[in-house]
Amino acid sequence: MLPLKGIRVIDLTTVAMGPLASQWLGDFGADVIKIEAPGGDSTRQTGPSTEAGMAAMFLSSNRNKRSVVLDLKQPDDGAALARLIDGADVFMHNIRPQKLAKLGLEPEKLLERNPRLVYAGLHGFGEAGPYGGRPAYDDIIQGLSGGADLMLRQTGVPQYFPTITADKTTGLIAAMAILAAITGRATTGRGAIVEIPMFECMAGFNLVEHLYGRHFIPPRGDMGYPRVLSRHRRPYRTRDGYICMLPYTDAHWRSFFAEAGATEHTDDQRFVTINARTANIDALYELTAGLVVLESTDHWLGVCERAGIPASPVLSLDDLVEDPHLHDVGFFSTLHDPLLGDLLMPGVPVLFDRQRPPVRMPPRLGEHNDEVLKPESGKQGL
């Protein structure tokens, strides 16, 4: 019995941010009905596949859902969507606001018909600002929200993070906001209009540590947390490979210098407190790199275990699939499909009552039209 069992979500989102948000809701037990145009979500064609319309990028963000095809340009299909929304707990979309009225999907209209509805709009930008209504993808938001500037500050070149960090982060925030609105409805009896804008979400995400000296008026320093912006912040090269190692507390650094045979640095005023280390982080990381390279990875892993210093080897993406910890906790699932063959799927990372929620096959395009649209379907689960 998962916590969202009995919650029905009508999901009109596409690509990454919205589907990732609704996938979390499906993972937690909601009945997520993915509404697709006749051509399907574009991610159905993105990446390797063994069947048309079931490509890798679609598989990665659409498990634990059902698929219904509706052509919203057709009045009958628009009416079918309205009926589904009338019986839903959540309606979520990433349609730009200026197109909603044409489709009959204005929030006030839908809430008048279904007062308990949680209406979630996942947008690039808040509607009240001058950017409202503009199209946005992960690259655009990374550039606007400071992500590319962080890379410039660290490397000298503006770059994107090599992951769809804006889509994934905002998808998580969207799922959290929708859950908050569902919880609030239990008290008020009414639904809510929830607006989740990528730009604002990612601006807040990046400013957690990087607003820094600008928290104060007038400023008491520049923006940017020096420790994570240091050009030396990377895995340390050892004599035979690399290690991720983070001495952090005063005790950690004293232990590290002692184990490295560099006790002369223990009382160096640049490194004795966390504030001093932060102000001199480039010098500290460069010094540490020069010491770590003298010994093997296993040597330093042993040192860190004895001293209680957080450390780990560097794993490749390929290593993750064979990682013994992920294996022993049952993180990966192998799904067996008669047409696609065997599929490796990452699992739901959280446990409920010590059980990992199941991973169910992402749906084929329109696979569930009959069972969802027939009048007696009610609130069927997956």
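The values are calculated or read from the model by the stated rules, or taken from the named source; none is laboratory data. Quantities reported herein were computed from a predicted structural model and do not represent experimental measurements. Cβ placement follows ideal geometry from the backbone for every residue including glycine, while neighbour counts extend to all protein chains displayed.
Does segment 123-139 contain at least one residue that is within 30 Å of A79 (Cα to Cα) and not in a loop (DSSP other than H, G, I, E, B)? So far as segment 123-139 goes, yes, one or more of its residues are within 30 Å of A79 (Cα to Cα) and not in a loop (DSSP other than H, G, I, E, B). Specify the residue that is surrounded by the fewest Cβ atoms within 10 Å (Cβ to Cβ); the eligible residues are those in segment 88-118 that are modelled with pLDDT of 95 or more and among the polar types (S, T, N, Q). Across segment 88-118, the extreme among qualifying residues is N114.
On the given criteria, is L72 over 14 Å from L365 (Cα atoms), in the same structural domain as S333 (by TED's automatic domain parsing) and in a loop (DSSP other than H, G, I, E, B)? Before you say what the answer is, go through the steps one by one.
Details: over 14 Å from L365 (Cα atoms): yes; in the same structural domain as S333 (by TED's automatic domain parsing): yes; in a loop (DSSP other than H, G, I, E, B): yes.
So L72 passes the test.
Could you go through segment 184-198 and let me know if any residue there is farther than 30 Å from D31 by Cβ and out of contact with any strand residue (DSSP E or B) (no Cβ under 9 Å at 6 or more places or on another chain). No, the conditions are met nowhere in segment 184-198. Screening D319 with (1) within 24 Å of the chain's Cα centre (by Cα); (2) surrounded by 12 or more Cβ atoms within 10 Å (Cβ to Cβ) gives one miss only, at (2).
Within segment 119-139, being surrounded by 20 or more Cβ atoms within 10 Å (Cβ to Cβ) and of a type in the set (D, E, K, R) holds for one residue alone: D138. In segment 173-201, the residue that is nearest to the chain's Cα centre (by Cα) out of those that are surrounded by fewer than 16 Cβ atoms within 10 Å (Cβ to Cβ) and touching a residue at least 60 places away in the same chain (Cβ under 8 Å) is I193. Against the numbered list (1) of a type outside the set (A, V, I, L, M, F, W, C); (2) under 22 Å from the mean Cα position of the chain (by Cα); (3) closer than 29 Å to P107 by Cβ; (4) not in a helix (DSSP H, G or I), Y160 comes up short only at (3).
The condition of being within 23 Å of T13 (Cα to Cα) and hydroxyl-bearing (S, T, Y) holds for only one of T155, T169, that being T169.
Condition check ((1) surrounded by 13 or more Cβ atoms within 10 Å (Cβ to Cβ); (2) more than 24 Å from D149 (Cα to Cα)) across all residues:
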position	(1), (2)
D222	no, no
R237	yes, yes
H265	yes, yes
R270	yes, yes
A276	yes, yes
L284	yes, no
A289	yes, yes
H299	yes, yes
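Name the single residue that is farthest from T188 (Cα to Cα) among those in segment 109-157 being among the charged types (D, E, K, R) and free of Cβ contacts under 8 Å to residues at least 40 places away in the same chain. Out of the qualifying residues, it is D149. Being under 30 Å from N62 (Cβ atoms) and within 31 Å of the chain's Cα centre (by Cα), is that true of even one residue in segment 295-315? Among the residues of segment 295-315, at least one is under 30 Å from N62 (Cβ atoms) and within 31 Å of the chain's Cα centre (by Cα), which makes the answer yes.
In the set (1) touching a Ser or Thr at 6+ places or on another chain (Cβ under 6 Å); (2) of a type in the set (D, E, K, R); (3) more than 17 Å from P226 (Cβ to Cβ), the condition left unmet by D250 is number (1). Would you be able to say whether some residue in segment 213-230 is of a type in the set (K, R) and touching a helix residue (DSSP H, G or I) at 6+ places or on another chain (Cβ under 6 Å)? Looking through segment 213-230, at least one residue is of a type in the set (K, R) and touching a helix residue (DSSP H, G or I) at 6+ places or on another chain (Cβ under 6 Å). Only residues that are of a type in the set (D, E) and closer than 24 Å to D27 by Cα: list them for segment 293-350, please. The answer is E322, D323, D328, D337, D342.
Within segment 1-50, the residues that satisfy the criterion of being within 20 Å of the chain's Cα centre (by Cα) and basic (K, R) are K34, R44.
May I ask you to verify whether K65 is under 17 Å from Q23 (Cα atoms) and modelled with pLDDT of 95 or more? Answer is yes for this residue.
A single member of I35, I85 is surrounded by 15 or more Cβ atoms within 10 Å (Cβ to Cβ) and part of a strand (DSSP E or B), and it is I35.
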